[in-house]
1. So for region 52-168, what percent of the C-alpha to C-alpha distances run longer than 18 Å?
2. How much of the DSSP bridge set in region 76-167 is antiparallel, in percent, rounded to the nearest 5?
3. For region 52-168, which whole-number percentage of the solvent-accessible area (1.4 Å probe, protein heavy atoms only) is attributable to carbon and sulfur atoms?
4. Using the Cα centre as the reference, give the magnitude of the dipole from point charges on the C-beta atoms of region 52-168 (Lys, Arg: +1; Asp, Glu: -1; all else neutral), rounded to the nearest 20 debye.
5. Tell me the label-point distance for the pair M122, D88, using the 7 Å Cα-to-Cβ offset, in nm and rounded to one decimal.
Amino acid sequence: MKEFSRRRFVLGTAAAAATGALAGCSGNGGGNGNGNGNGNGNGNGNGGSSGPTGRAETFLSENEANTYDGMEDMTGQDEVIVDTGAGDGFAFSPAGIVVDVGTTVVWEWTGEGGGHNVSSEMDSDFEFESERTDEAGFTFEQTFDEAGAALYVCVPHRAQGMYGAVAVEE
């Protein structure tokens, strides 16, 4: 009898999971593919959430990154500066940027908010990590030689929402 109860439980759980999964599929299949999740159904496919910009937008939105208010287009520049310790001292500014392949991003410490670092996240397409410091004017730079999404965080201030992202586009 014990085996029968376990089996019924497993089957019931599987059925409930399948019902939930199917319920999530009841939409109209729309979505514009631009990574903003508005689901308007126009199907224009201009970027998709899997592209570098879409991945960066999703990462910053899901982590409620401080100062994030959309991706800033910084294409056409050889070097871009991101303030580290911006806002209330617990933000990157701008939090999200779009750059061209070959651009060097320079993170410059403001001296506000204590010791910061810049550390790539596991799902980033790039690996990098600065030292931790609170020295105003300290810089760390990374040149991005291929397309991808550089998703990063200040490890000591992760809980305060100190996230950033660089979308490197071709």
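The values are calculated or read from the model by the stated rules, or taken from the named source; none is laboratory data. Only a predicted model underlies this, so the values are computations on that prediction, with no experimental measurement involved. Ideal geometry is used to build each Cβ from the backbone, glycine not excepted, and the neighbour counts take in all protein chains shown. Heavy atoms of the whole protein, side chains included, go into the accessibility calculation; ligands, DNA and RNA do not. Shrake-Rupley method; radii C 1.70, N 1.55, O 1.52, S 1.80 Å.
1. 40 percent
2. The answer is about 65 percent antiparallel.
3. The nonpolar share, carbon plus sulfur, comes to 38 percent.
4. Dipole magnitude for region 52-168 comes out near 260 debye.
5. 2.8 nm
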